[in-house]
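The values are calculated or read from the model by the stated rules, or taken from the named source; none is laboratory data. Please read these numbers as outputs of a predicted model, since none were measured by experiment. Neighbour counts run over all protein chains shown; Cβ positions are idealised from the backbone, glycine included.
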Amino acid sequence: MTDRFASCSCGKLSVSTRGEPLRVSVCHCLNCQRRSGSVFAAQARFPADAVAITGESTEFVLVGDEGTSARFHFCPQCGATVFYLMDAIPDVIAIPVGAFADPGFPPPQVSVYAVRQHPWVHLDDGIERID
């Protein structure tokens with residue numbers, strides 16, 4: 001079984017995961033672009049019972065384009081988002097792939113809001129695309 005570790009920039013908020021992610025995806029929605037500070041956000045979903053959270057977090061609730069809420073948890077010291085909870089999928093914890101700081105992390109299988117993808121971004125042809 002694969003164990004992984006993700007943390008904020010200062011290390012005061014972290015998560016440990018057990019097993020492989022349920023799904024790795026990239027999202028091109030405008031909220032994810034703003035939240036990540038990049039042209040898309042990459043995240044991995046894990047079963048909630050496979051994630052251990054250490055440290056304190058501050059929560060920010062964001063209502064997405066579909067009307068569902070996500071609760072983003074970030075470090076109150078350095079501001080880095082380390083995990084988030086989606087009200088539509090209550091038994092899952094999503095973790096930004098970058099928080100793992102692991103170039104060998106599994107690649108995304110799904111690309112969502114592809115209609116908002118920047119034209120110069122190119123993903124593998126085998127990735128499922130959802131507009």
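Only residues that are touching a strand residue (DSSP E or B) at 6+ places or on another chain (Cβ under 9 Å) and assigned to a strand (DSSP E or B) were counted across the stretch 88-131, and they come to 13. Of the residues making up the stretch 90-131, those that are at pLDDT below 95, of a type outside the set (Phe, Trp, Tyr) and within 16 Å of Thr68 (Cβ to Cβ) are Pro90, Val112, Ile130. Counting only strands (runs of 3 or more DSSP E) that sit completely within the stretch 23-64, those holding 1 or more residues that are among the aromatic types (Phe, Trp, Tyr) and out of contact with any Lys or Arg (no Cβ under 6 Å at 6 or more places or on another chain) correspond to 41-47, 58-63.
The C-beta contact set for the stretch 54-66 (first residue under 20 Å from Phe5 (Cα atoms), second residue among the aromatic types (Phe, Trp, Tyr) and modelled with pLDDT of 90 or more, distance under 6 angstrom, 6+ apart or interchain) comprises Thr58/Phe74. If you filter the stretch 111-120 down to residues that are hydrophobic (A, V, I, L, M, F, W, C) and surrounded by 13 or more Cβ atoms within 10 Å (Cβ to Cβ), you find that the one that is farthest from the chain's Cα centre (by Cα) is Ala114.
A quick yes/no check of all residues on (1) more than 11 Å from the chain's Cα centre (by Cα); (2) within 25 Å of Cys8 (Cβ to Cβ); (3) surrounded by 12 or more Cβ atoms within 10 Å (Cβ to Cβ):
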residue: Arg71; (1), (2), (3): yes, yes, yes
residue: Ala80; (1), (2), (3): yes, yes, yes
residue: Tyr84; (1), (2), (3): no, yes, yes
residue: Ala94; (1), (2), (3): no, yes, yes
residue: Ala99; (1), (2), (3): no, yes, yes
residue: Asp102; (1), (2), (3): yes, yes, yes
residue: Gln109; (1), (2), (3): yes, no, yes
residue: Gly126; (1), (2), (3): yes, no, no
